[in-house]
1. Test residue 50 against the stated conditions and say whether it is under 14 Å from residue 81 (Cα atoms), part of a helix (DSSP H, G or I) and modelled with pLDDT of 90 or more.
2. Which count do you get for residues in segment 72-117 that are of a type in the set (A, V, I, L, M, F, W, C) and touching a residue at least 12 places away in the same chain (Cβ under 8 Å)?
3. So which residues in segment 145-185 are assigned to a strand (DSSP E or B) and small (Gly, Ala, Ser)?
4. Name the residues in segment 33-47 that are in contact with a strand residue (DSSP E or B) (Cβ under 9 Å, 6 or more places away or on another chain) and either free of Cβ contacts under 8 Å to residues at least 12 places away in the same chain or assigned to a helix (DSSP H, G or I) (or both), would you?
5. Of the conditions (1) at pLDDT 95 or above; (2) closer than 19 Å to residue 29 by Cα; (3) buried (at least 16 other Cβ atoms within 10 Å of the Cβ), residue 97 fails just one. Which one is it?
Amino acid sequence: MTSKADKFNWHLPLYAAAATLVVFLPFALWSADLGAVIYVVVVAPIVSLVLLAVVLAAKRNRRRTVLSMLAVYWIGSAALVDNYSAVRDATRWLLFSKAYKAKVLEQSATDGRGLNHVYWDGWGWAGANTDVYLVFDPNGWLVPTEDPSPSKLRGLPCIVPRVRRLENHWYAVMFYTDTDWDHCH
């Protein structure tokens, strides 16, 4: 029979998973192009070193629990960084959708040739910019895609590499680098 001190504590790895998300989200909100880089280069190594120090300082019967926290942190961080754009869009939509919807809906009704939209996000460096627009599509013209070679979708002025559905009739549409709503190649 094992003593209470020798039992694996499942609460701590669960707390590590929640803490990973809490630590990651500010970086996802902060910057479309630098957030993930700073998280991977600065934050993840610091948190990992702290957890490794806790492993070394922990009593032998608690090391397995703390190591599992480190594993959960690494796996959670890898999943969040791998899906950085989707996490960023979902978080921003959850927090700011009301204001963005109001901006889009105050535009005059489309005349059938285009869709109401506002600038949603972007990143770039040295003049090579990528723009993402929030698009309201009441007609159901847009289809979520991340196909590397999509065709031109009805209502959009350009061929786009990604359309991500945020909510019914609301989409984040990413344009190719150096292309925007008014300037297609």
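The values are calculated or read from the model by the stated rules, or taken from the named source; none is laboratory data. These numbers were taken from a predicted model, which means no experiment stands behind them. Virtual Cβ from ideal backbone geometry, glycine too; neighbours counted across all protein chains shown.
1. no
2. Matching residues across segment 72-117 total 12.
3. 172
4. Listed by number, the list holds a single entry, 34.
5. All conditions pass for residue 97, except number (3).
Okay, residues lined up against (1) in the same structural domain as residue 131 (by TED's automatic domain parsing); (2) within 27 Å of residue 125 (Cβ to Cβ); (3) aromatic (Phe, Trp, Tyr):
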residue: 16; (1), (2), (3): no, no, no
residue: 27; (1), (2), (3): no, yes, yes
residue: 31; (1), (2), (3): no, yes, no
residue: 35; (1), (2), (3): no, yes, no
residue: 39; (1), (2), (3): no, yes, yes
residue: 48; (1), (2), (3): no, no, no
residue: 53; (1), (2), (3): no, no, no
residue: 62; (1), (2), (3): no, no, no
residue: 78; (1), (2), (3): no, yes, no
